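What follows is one structure encoded as structure tokens, with my remarks underneath.
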Amino acid sequence: MSYQALIVDDELLSRQVVATFLRGDAALAVAGEATNGTEAVLQILQLRPDLVFLDVQMPELDGFEVLREVWPYHQPFVVFTTAYDSYALRAFEVSATDYLLKPFNEVRFRQAVARVTQQLAQRPGPAGPHPLLAAGAGRPAGYRRRILVKEQKKLFFVPVEDIQYFDSDSNYISVHTAAGTHLIYESLTLLEQQLDPAQFTRISRSCVVGLAHVAALETYYNGEYIVSLRSGTTLKWTRTYRDNLQAFYGLAS
């Protein structure tokens, strides 16, 4: 059986070394290459490789940020490739299968590949919450800075500061921005935990609002509020979530 591997590195020579070592390997085939963090996320989600050879220091997103972005959608095995040994402990804390310190030789590379292919044969891939997504892990740096959305066959990121509010309906969430609305398949409760509370707060069972987009609050009845956004949209802040109101606006209960 042949598994698919993605090579992620901003240095051409480093990508060529990995690709050369993989040539003729019956267990692994090169599915593609990525040259920066954002491209890596898109490639991982589009190609869904079994294994990623992942550099740590890259433009746009580093290797750890790449994992944080993709893990809710796809969980490949990971072999870090880097010139810096200072990341080794962190790499294994996030369940990396191996850590190749540049410049590595083919013997060391084959050892890493053998370890991965053995694990691939035993199970389809790592499962469960990734350490980078665990509650409190890496915060405040761990808060999501962008949301991946899909329009037809195109994947792209929406910066969180552009999002006016999230509105959930069953297993789907509508992501509302000034440019339009996008649908994503996530749990609103899990998403809320990954958002910076200085930027977003939950106002009802089905709605999380971007605080920067709130223009005014108006008392409604029974302890509820009407939230007016700068776009003209109005939302209801329900009584159940009044503690959030007090925390971020200093309003009395």
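Brief remarks follow.
- The slack between residue 233 and residue 190, meaning 0.36 nm per residue of separation minus the straight C-alpha distance, is 13.0 nm.
- In straight-distance terms, cross-link reach from residue 102 covers every one of the aspartates and glutamates whose alpha-carbon lies under 16 Å from its own, apart from those fewer than eight places away in the same chain; here that gives 9, 10, 11, 55, 85.
- The relative contact order of the chain comes to 10 percent, based on Cα pairs under 8 Å that sit 6 or more residues apart.
- Structure remark: mean-square fluctuation, Gaussian network model of the chain, C-alpha springs under 10 Å; the largest value among 194, 118, 75 belongs to 118.
- For the chain, the solvent-accessible area works out to 51 Å² per residue, with a probe of 1.4 Å and every protein chain left in place.
- Report summary: the helix-based calculation at 222 nm, which adds -39500 (n - 2.57) for every DSSP H run with n ≥ 4 and divides by the residues of the chain, gives -7500 deg cm²/dmol.
- Placing a pseudo-label 7 Å from each Cα along the Cα-to-Cβ vector at residue 206 and residue 26 gives an inter-label distance of 5.6 nm.
- The stretch between residue 222 and residue 181 holds 11.7 nm of extra length on full extension. This uses 0.36 nm per residue minus the Cα-Cα distance.
- Rounded tilt (10° steps) of 106-122 against the dominant C-alpha axis of the chain: 60
- Between residue 85 and residue 172, the modelled labels are 5.2 nm apart [label points 7 Å from Cα along Cα→Cβ].
- Cα long-axis angle, helix 37-47 against the chain (0 to 90 degrees, to the nearest 10): 80
- Dipole in debye (nearest 20) - the chain, about Cα centre, beta carbon charges: Lys, Arg +1; Asp, Glu -1: 440
- Surface composition of the chain: carbon plus sulfur atoms hold 50% of the accessible area, using a 1.4 angstrom probe and ignoring ligands, DNA and RNA.
- Seen against the Cα atoms of the chain and their longest principal axis, helix 12-22 is set at about 60 degrees.
- Across the range 10-91, counting alpha-carbon atoms alone, Rg and Dmax equal 12.2, 33 Å.
- Over 23 Å [Cα-Cα, the chain], rounded percent: 56
- The range 140-220, Cα convex hull volume normalised per residue, Å³: 104
The values are calculated or read from the model by the stated rules, or taken from the named source; none is laboratory data. Just so we're clear, the structure is a prediction, and the values are computed from it rather than from any experiment. A quick note on method: Cβ atoms are made from the backbone with ideal geometry, for glycine too, and the neighbour counts reach across all protein chains shown. Surface accessibility is based on the protein's heavy atoms, side chains included, excluding ligands, DNA and RNA. Shrake-Rupley method; radii C 1.70, N 1.55, O 1.52, S 1.80 Å.
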